[in-house]
Amino acid sequence: MSLTTIILAAGKSTRMLSLKSKILFKISGAPIIEHVYNASQKISDHIICVMSNPPKELITFIKDKSIKTAIQKNTIGTADAVKCALKKLPNKSNNKVLILCGDVPFISTKSLTLMVKKLDNSDLCLGTFNQPKPEGYGRVIRSGSRITKITEEKDASEKIRKITEINTGIICVKEQILRKYITKIKNNNKQKEFYLTDLISLLSDNNHKISSYSIKDELETMGINSKKDLVDLERKLLVKKATDLLSKGVLIRDVQRTDIKGDLRVQKDVDIDINCIFEDKVTIGSSSTIGHNCYLNRCKIGKNVHIKPNTIIFGATIGDNCIVGPYARIRPGAVLKNNAQVGNFVEVKNSTIGSGTKVNHLSYIGDATLGSNINVGAGCITCNYDGEKKYKTIIESDCFIGSGTRLVAPVTIAKGSFIAAGSTVTKDTPGGGSLTIARSKQVSIPKWKNKNIKGKK
């Protein structure tokens, strides 16, 4: 059997109080709809997204992901939305259809796979969750073990409201069964809408086998209707991720103040201080420490590395036994070899810092290659951009770069060179222990101040 996933995303997002569609709001580093897509695309042969008056950003996302679209002109219920999607599908007797809400970002591929598997022995599988305090949710009604219908809370008696098994809104059903009964759903309700949940009672009344899959993790079932929901759900996820790392030997100083928004892979004995943010894919080797207020995005940190507070590392690779920060900014393309040091208020961009090399204070290193065992003094700059093109600076091993030096690329500082403080170097140096001094002649002009302020008050 093939599998088609229908993502329902035609809601008006009125409770978000925003001009932007709620499924485009980011959570855990990506739009809500992208999380739903990622979970389903791993097992789906086709994905259809049902929309109504979609914004440009959503259309772009759909095209980039090669998702089929269906337009629900009038938002008159979830059953009508599914009907719109079915028009985009060839009628296949052996097809399975998975129906998801576009605002439930953390449903897992594992749960969806297990639900689809249940169709081997049933006509429909309903995703459920045991909610101890089920206020606001539709209740799953059973006769013995057999599911008979779903009752919304507003229509429920006091007895039914005590039921803790709730409907998650996730359904997997055989396509032929869906096509047969979707047209039989009526809008006999106050809202005059066609509810997909009525499919359950229709199948039950006609003796079709309905199975269920109980989702264990509440995060997988939680939808987003408001900005408060968005914030609350992300906080729950972030705390869960941080807590999971604690159980794997990582020391998280405060799980409430550690934001893991991407894929963080950490070895044992890593120590992470408060207010750190991790986005995209980040790996950290064993026995490394991350100081407070650090931001790490798409980077690789080696073993026994000390990242000092308030440091930003984005798109870079840090070798073993390095020291970085505080207040350092390591930009994309930067590579720090083992035992390198980059200190306070240093910016490194698209450059390699060799083993044992130190750039400790207030410097900019851009489009450069630094060898091993180099000392770069405070306030040094690689002048890599002439307004049109960027050029390379090469500093070979065992050099000393004095404070306040400007290296105007393209330039090579040969092995063993000494550059005097305050120099502006525009030519290659000979190396071999030579000292290069490139300063303008110091001139003192007497009474300059008096001449230039004469007549001014």
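Every number in this text was worked out from the coordinates using simple rules, so none of it is lab data. The structure displayed is predicted, hence computed values, not measured ones. Reconstructed Cβ throughout: ideal geometry from the backbone, glycine too, with neighbour counts over all protein chains shown.
Given contacts defined as C-alpha pairs under 8 Å and at least six residues apart, what's the relative contact order of the chain, whole-number percent? Numbers along the way, then the final one.
Details: 1165 pairs, mean separation 34.5, N = 457.
For the chain, the relative contact order is 8 percent.
For the chain, the longest principal axis of the C-alpha atoms and the axis of helix 32-41 are separated by about 70°.
Tally Lys/Arg at +1 and Asp/Glu at -1 over every other residue whose Cβ is under 13 Å from the Cβ of THR369; what's the total? Neighbourhood net charge equals +2. So in the stretch 3-220, what percent of DSSP beta bridges are antiparallel if you round to the nearest 5? Counting only bridges with both partners in the stretch 3-220, antiparallel ones make up about 45 percent.
What is the magnitude of the charge dipole of the stretch 3-220 about its Cα centre, with +1 placed on the Cβ of each Lys and Arg, -1 on the Cβ of each Asp and Glu, and no other charges, expressed in debye to the nearest 20? It would help to have the intermediate numbers written out before the result.
Values: 37 positive and 21 negative charges, 87 e Å.
Charge dipole of the stretch 3-220: 420 debye, to the nearest 20.
Compactness check for the chain: Cα Rg over 2.2 N^0.38 Å is 1.37. Give the separation of the Cα centroids, the stretch 378-420 to the stretch 135-161, in Å. Taking the Cα centre of the stretch 135-161 as reference, the centre of the stretch 378-420 is 73 Å away. Post the alpha-carbon centroid distance, the stretch 103-127 to the stretch 421-443, in whole angstrom. Taking the Cα centre of the stretch 421-443 as reference, the centre of the stretch 103-127 is 70 Å away.
Taking Cβ atoms as reference points and 13 Å as the exclusive limit, the residues near ILE312 contribute a net charge of +3, counting Lys and Arg as +1 and Asp and Glu as -1. Rounded to the nearest 20 debye, the dipole magnitude of the chain is 1260 debye, with +1 charges on Lys and Arg beta carbons, -1 on Asp and Glu beta carbons, and the Cα centre as origin.
How many angstrom lie between the C-alpha centres of the stretch 239-299 and the stretch 312-339? Using only Cα atoms, the two centres lie 16 Å from each other.
Counting only helical runs of four or more DSSP H residues, what would the 222 nm mean residue ellipticity of the chain come to if each run contributes -39,500 (n - 2.57) and the total is spread over all its residues?
Numbers: 9 runs with 83 residues, N = 457.
Calculated mean residue ellipticity at 222 nm is -5000 deg cm²/dmol.
Based on the Cβ-Cβ distance of LYS389 and LYS159, what FRET efficiency does E = 1/(1 + (r/R0)^6) give at R0 = 60 Å, to the nearest 0.05?
Details: r = 77 Å, r/R0 = 1.28.
Taking R0 as 60 Å, the efficiency between LYS389 and LYS159 is 0.20.
Overall shape: oblate for the stretch 389-442, with the ratio a/c of the largest to smallest alpha carbon gyration tensor axis at 1.5 or above and b/c at least equal to a/b. Straight-line reach from LYS87: taking Cα to Cα under 17 Å and skipping same-chain neighbours fewer than 8 places apart, the lysines in range are LYS68, LYS73, LYS96, LYS174, LYS180, LYS184. Once you divide the Cα radius of gyration of the stretch 358-457 by 2.2 N^0.38 Å, the number left is 1.33. The Cα atoms of the stretch 227-436 give a gyration tensor whose axes a ≥ b ≥ c have a/c of 1.5 or more with a/b greater than b/c, which makes the shape prolate.
How would THR5, THR148 line up from fewest to most surrounding beta-carbon atoms within 10 angstrom?
Values: THR5 26, THR148 16.
The fewest-first ordering by Cβ neighbours comes to THR148, THR5.
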